[in-house]
1. Report, to the nearest 10°, how far helix B:116-147 tilts away from the longest principal axis of the Cα atoms in chain B, using its own Cα long axis and a range of 0 to 90°.
2. List the aspartates and glutamates whose Cα lies under 12 Å from the Cα of A:Lys249, skipping any in the same chain that are fewer than 8 positions away.
3. When you look at the Cβ of every residue in B:12-19, what mean number of other chain Cβ atoms sits within 10 Å?
4. Shielding by partners for A:102-115, please: the mean number of other protein chain Cβ atoms within 10 Å of each residue's Cβ.
5. Output the 0 to 90 degree angle, nearest 10, between the alpha-carbon long axis of helix B:2-18 and the longest principal axis computed from the alpha carbons of chain B.
6. With viscosity set to 1.306 mPa s and temperature to 10 °C, compute the Stokes-Einstein D of the range A:149-196, Rh being the Kirkwood radius across alpha carbon pairs; µm²/s, no decimals.
7. Give a quick list of trypsin sites (Lys or Arg not before Pro) in the range B:1-110 that DSSP marks as loop, anything other than H, G, I, E or B, with at most 16 other Cβ atoms within 10 Å.
8. Tell me the angle of helix A:247-275 to the major Cα principal axis of chain A, expressed in degrees between 0 and 90 and rounded to the nearest ten.
Amino acid sequence: FFFLSRTVEPLEYYRRFLKENCRPDGRELGEFRTTTYLFSSGSITTADGSALVKLGNTTVICGVKAELAAPAVDSANKGYIVPNIELPSLCAERFRSGPPGEEAQAASQFIADVIENSQMIVKEDLCIANGKLAWVLYCDIICLDYDGNLLDASVFALLAALKNVQLPLVTINEETGLSEVNLKQKNPLTIRKHPVATSFAIFDDTLLIVDPTAEEEDLATGTVTIVTDEEGRLCSVHKPGGSPLTGAKLQDCITRAITRHKEVKKLIDKVIKSITPK
Amino acid sequence: GVLERSREQLLRQTCEAVVLGVLHPRTAISLVLQVLSDAGSLLSCCLNAACMALLDAGLPLAALFCGVTCALQPDGTILLDPTARQEQEARAILTFAISSSERKVLMSTTKGSCSVEEMQQCLAAAQRAATTIFQFYRDSVRRRYSKS
């Protein structure tokens, strides 16, 4: 009697489970892994805002540091948001130390696009004095354990960290022209929209599974990531190649993404409420 | 920079989905795209160029693909193949790579936000426009091989 090995024939092994509409880790095709996150205002005490997010085994930490800079000449009333995703060699065997690989760079670009498309932070809100001083938010997202679905975890970690940021009040002294930072008076950032990402892996050109693990991502023939905001608007439909999908299948992904958004929003609200008496 | 890396990833994975790599083991296919001038809809132009180059090289493909850019203007109208100026004024820009088999979506990337209905309308418009582009491929290939 022929015994299918997970390491010798991983695809056949997976197909056996998919036929029964489930996956080796016991989840259904549309089920997410347990999402937990900690954002005690001191996941990282040296950062202005931070959050640690775990999606099953995938662990991502985001730290936000705010610095002051002069705004660009052509956008004198706008600050800057600079996201950066790092996939250090400690998170998975496939990543080597050295300059960022293509996956990290593409992911960083994706996060920058999500921030821009969703308008979660409006750059004009970061301006302190037109043409003279503005905030720069450096958002560093570091993956500590890579088990698939990096984009969902990163977007969530970024959102949680930004909600945690307290910016000191900065005024410009009229006489000296220098900036004065009042560390005693801190205000949270104005976050206008709450984008949430939902990723799917495409198997054998037809099956869509939600929240893929690293193993599933390797066996998949394509991925789709949908980012929605609380009004049900699409901030990003990111399908970087891979198996072709019909419009109907894409719509199915979008509907599931909108449902997922509601779950994640509830999670965020719950944790914020538990730390608010500050 | 990161933007180029991101574009490269999109193009590479789109081509990987159509090229029958199984027929060419231990082979590297190198696709080099040089932007001569950018007057809007750059990504879909790159996709079209990539597909035509793959055709010209005679590589075995599972399907053809074409790139279509849709711009959603502030008043809600959909504009296909926008110029740089129209892209700047649009409130959302959606780029799709449409496959020649059943007009399925191979690649999708969006800039700005839009409602679900608007996205579906843009996708439908892109799928209709794909027919015109595939006809152009057919005519170009016919012209090329009719000389020799």
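1. Approximately 30 degrees, to the nearest 10.
2. Excluding near neighbours in sequence, the set is A:Asp205.
3. 4
4. On the way: counts 6, 2, 2, 8, 9, 4, 5, 8, 4, 1, 3, 6, 0, 0.
Average neighbour count from other chains, rounded to a whole number: 4.
5. 50
6. It comes out at roughly 123 µm²/s.
7. B:Arg26, B:Arg91
8. 50
The values are calculated or read from the model by the stated rules, or taken from the named source; none is laboratory data. It should be emphasised that the depicted structure is a prediction, and the values quoted were computed from it without experimental measurement. Because the Cβ atoms are built from the backbone with ideal geometry, glycine has one as well, and the counts that use them run over all protein chains shown. Please note that ligands, DNA and RNA were not included when accessible areas were found on the heavy atoms of the full protein model with its side chains. Shrake-Rupley method; radii C 1.70, N 1.55, O 1.52, S 1.80 Å.
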